1. Based on DSSP, what percent of beta bridges with both residues in the chain are antiparallel, to the nearest 5?
2. Between rounded, prolate and oblate, where does the stretch 94-197 land on the alpha carbon gyration tensor, with a ≥ b ≥ c its root eigenvalues, rounded for a/c under 1.5, else prolate if a/b exceeds b/c?
3. With a/c under 1.5 counting as rounded, go ahead and sort the stretch 175-274 into rounded, prolate or oblate using the C-alpha gyration tensor (a ≥ b ≥ c being the square roots of the eigenvalues; past the cut-off, prolate if a/b is larger than b/c, else oblate).
4. Full extension from R131 to R24: what is 0.36 nm times the residue separation minus their Cα-Cα distance, to one decimal in nm?
5. Please work out the Cα center distance from the stretch 201-219 to the stretch 231-265, rounded to the nearest Å.
6. Assuming R0 = 22 Å, can you tell me the calculated FRET efficiency for the pair M263 and D193, based on Cβ-Cβ distance, to the nearest 0.05?
7. Measure up K38/K63; K26/K170; K68/K194; K43/K195; K130/K195 against 29 Å on the Cα-Cα distance and list the ones that go over.
8. At a 1.4 Å probe radius, which order do T56, T64, T107, T15 fall into by accessible area, largest first?
Amino acid sequence: GSDRKARSQSPSYLTFDDIGGQHRAKNELKEALDFLIKHEEIKKLGIRPLKGILLTGPPGTGKTLMAKAAAHYTNSVFMAASGSEFVEMYVGVGASRIRDMFKEARTRAVKENKESAIIFIDEIDVIGGKRDGGQHREYDQTLNQLLTEMDGIHTADSPRVLIMAATNRKEMLDSALLRPGRFDRHIEVDLPDKKGRLHILNIHAKNKPLAADAQLESIAEETFHFSGAQLESVMNEAAIYAMRDETPFIEQRHLSQAVDKVMMGEKTDRESTK
Ligand code: ATP
């Protein structure tokens, strides 16, 4: 599962500085996370504890990065799962997997001497889709278990648990998930604007030798509607073109070729799914 993958990744932490663009989303997220950090004050004022944050937006815009940075920012242990992992699980297995995940989050937090844990669930729409008229009920137990666990989170609890979930289909979510005390904070993680794209290109150019003629600025200009994930691909593909050319530096033409390649790749993907 992706939680295992996330655990073995190194270095084990990622900060908000590693995320390009997304200023508004980062600020909104930090503001929300302060509720987790300042839990004593929150409790004294009788404010409801923050239990869930929903990240919405197109694929590849950095939602997973946001969750990882959130864990570092709040000094929490990080665990991750994807809604798609629950597909084709036998009835009851999904629910017990959710139960185990919460248990493990608390155990790990205690073991690692941390006050909180963040559980990230990508593709939440797979288990949290609308429960309309008895259709698609195969994930009901899984969703119910998630809601039960979230209802069981109290401020006094130590370690505290925060659920972050991501979806690119918010309108599909069951309203039970969006009720106060559940995922009541929503943060939009949109496609980056030109400035954001340049920031992301710079982040992914850090460990790459760029030629003097390389103009990331013009690449940012050309890549309207690209996601962060696609921009990361552009930098990677450009390096591959440089290697094929046997040049020690990544030149502007390699970058341009890479933009075309990533753009074409998207087109053929779309064509084949038509
Ligand atoms: P999905 O919804 O498809 O799971 P996501 O929004 O969770 O996507 P991530 O998994 O966070 O996207 O991003 C995928 C990869 O794309 C990252 O590992 C990173 O290399 C790159 N990337 C995406 N967004 C950004 C960003 N804002 N800054 C830097 N890199 C980014």
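1. On the way: 1 of 25 bridges.
In the chain, approximately 5 percent of DSSP beta bridges are antiparallel ones.
2. Details: a/c = 2.01, a/b = 1.12, b/c = 1.80.
Cα axes put the stretch 94-197 in the oblate bin.
3. Working: a/c = 2.90, a/b = 1.90, b/c = 1.52.
The shape class here is prolate.
4. Details: separation 107, 0.36 × 107 = 38.52 nm, distance 3.22 nm.
Full-extension gain reported as 35.3 nm.
5. About 11 Å separates the Cα centre of the stretch 201-219 from the one of the stretch 231-265.
6. Numbers: r = 18 Å, r/R0 = 0.82.
The pair M263/D193 has a calculated efficiency of 0.75.
7. Values: K38/K63 24 Å; K26/K170 19 Å; K68/K194 24 Å; K43/K195 39 Å; K130/K195 37 Å.
Check vs 29 Å cut-off fails for K43/K195; K130/K195.
8. Values: T56 10, T64 55, T107 75, T15 35 Å².
Descending accessible area places them as T107, T64, T15, T56.
The values are calculated or read from the model by the stated rules, or taken from the named source; none is laboratory data. Only a predicted model underlies this, so the values are computations on that prediction, with no experimental measurement involved. Here Cβ is always computed from backbone atoms with ideal geometry, including for glycine, and neighbour counts include all displayed protein chains. For accessibility, only protein heavy atoms count, side chains too; no ligands or nucleic acids. Shrake-Rupley method; radii C 1.70, N 1.55, O 1.52, S 1.80 Å.
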